[in-house]
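Visitor: Following this message is one structure expressed as structure tokens.
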Amino acid sequence: MRLNPPIGSTYYYDITNESEFKLEVEDKKTKNTNKANFGVYYEINKDSSGNLLLNMSYDKIHIYTKKNDKETEMDAENSAASTDPVERMLGFVKNAKIRAIVSPTGDIKTVTGYKELGERMLANFDPNDSYGKNIASQQWEKLVGEGIVKKNMDELFRIFPDSAVHLGDTWKLTYKESGDIPLTAKTVFTLKDINDDIAIIGSEGIIVSDSSSTGFMSFNNASMNLKGKQEGEYEIERKTGMLISCRVKASIEGRLEMIGREIPVIIKTSLKMNGKKIK
């Protein structure tokens, strides 16, 4: 259970993230739906310490959102002719070369390329428009840094145990999920089976809100009391440690406390990832 893909190999991943948020304020219900689909290549190399050197490139980025009856779609393919600043950002990412160093146990040591790209994008702003430049910088880090690059890598590599495992063995991992919702997931993984050199791993865990957090989506002065469960299944190449597929679902409920009000919240998320070696 270590990352050991051959030098010079390339893997391609099709990734779909979906989330649904339901809130109720003064008998008014709000439902937000988000769906993001990515296609990304990982070209594999190694350094002298055995760490993986990954060159990443995206060939598709599509984001769909729906808030009640209002729908929005953004596609990196349309970025050149788009007037939407966020859609134009997606085009920058699609054309970027992003690099990362990852340890054999899946620890992401460094990620470079996307910040430098963001700086070049921000250089096109009017020097006197400091407010607009600051907003764009925050959007870039939130959408690209946390929401696309780091999130996709976490989903691909945050599964490995710190020692050898055998059939039926379990191991635990705790991680904080990035994004609009600050959550902590405590997950138990189980090596369930090995079929044709593919390791089948099941996962079960609990998810809780960060008690120190004072923000939730667009609610800046709010605290959360959320709790839920997640479960999933992963298929990993036993010899290389590279993910072939995964399916993970989570359901979270609780309350958002703001200005003396308690707002019921229901969150459902799902992740589907399919990968293959193409070189």
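Taken together, the values in this text are just the output of simple stated rules run on the coordinates, not laboratory data. None of the values given here were measured: they were computed from a predicted structure. Counting neighbours? That spans all protein chains shown, and the Cβs are built from the backbone with ideal geometry, glycine included.
Visitor: Could you identify which residue out of Asn55, Asn68, Asn128 has the top mean-square fluctuation in a GNM of the chain using Cα springs shorter than 10 Å?
Guide: Asn128
Visitor: Where does the charge balance sit around Gly39 when Lys and Arg score +1, Asp and Glu -1, over other residues with C-beta under 9 Å from its C-beta? Could the numbers behind the result be given before it?
Guide: Values: positive: Lys60; negative: Asp14, Asp59.
Spelling it out: positives minus negatives among the neighbours equals -1.
Visitor: Taking K and R as +1 and D and E as -1, what net charge do the other residues with C-beta under 15 Å from the C-beta of Arg88 add up to?
Guide: Values: positive: Lys94, Arg120, Lys133; negative: Glu73, Asp75, Glu77, Asp84, Glu87.
Net local charge, Arg88 excluded: -2.
Visitor: Of (i) 29; (ii) 25; (iii) 33, which one was derived for percent of Cα pairs over 32 Å apart from the structure shown?
Guide: From the options (i) 29; (ii) 25; (iii) 33, the structure gives (i).
Visitor: Can you list the residues of region 11-30 with backbone N under 20 Å from a point 7 Å past the Cα of Thr65, pointing along Cα to Cβ?
Guide: 16-25, 29-30
Visitor: How would Thr190, Thr83 line up from fewest to most surrounding beta-carbon atoms within 10 angstrom?
Guide: Details: Thr190 16, Thr83 6.
Final ranking by Cβ density, sparse to dense: Thr83, Thr190.
Visitor: For Ser137 and Tyr12, compute 0.36 nm times the residue count separating them, minus their Cα-Cα distance, and round to one decimal in nm. If you can, show how the numbers build up before the last one.
Guide: Numbers: separation 125, 0.36 × 125 = 45.00 nm, distance 2.90 nm.
My answer for the length gained is 42.1 nm.
Visitor: In a Gaussian network model over the chain where Cα atoms closer than 10 Å are linked, find which of Gly50, Gly205, Gly241 has the largest mean-square fluctuation.
Guide: Gly50
Visitor: Here's another thing I want to ask about it. For a quick check: with amide H placed at 1.01 Å from N, whose amide H comes under 5 Å from Gly106's, ignoring anything fewer than 5 positions away on the same chain?
Guide: Excluding prolines and chain starts, which carry no amide H, the hits are Leu3.
Visitor: Let me ask another. Would you mind counting up the charge near Ala199? Only other residues with Cβ under 13 Å from its Cβ, with Lys and Arg at +1 and Asp and Glu at -1.
Guide: Details: positive: Arg2, Lys192, Arg238, Lys239; negative: Asp169, Asp193, Asp196, Asp197, Glu233, Glu235, Glu237.
So the environment of Ala199 carries a net charge of -3.
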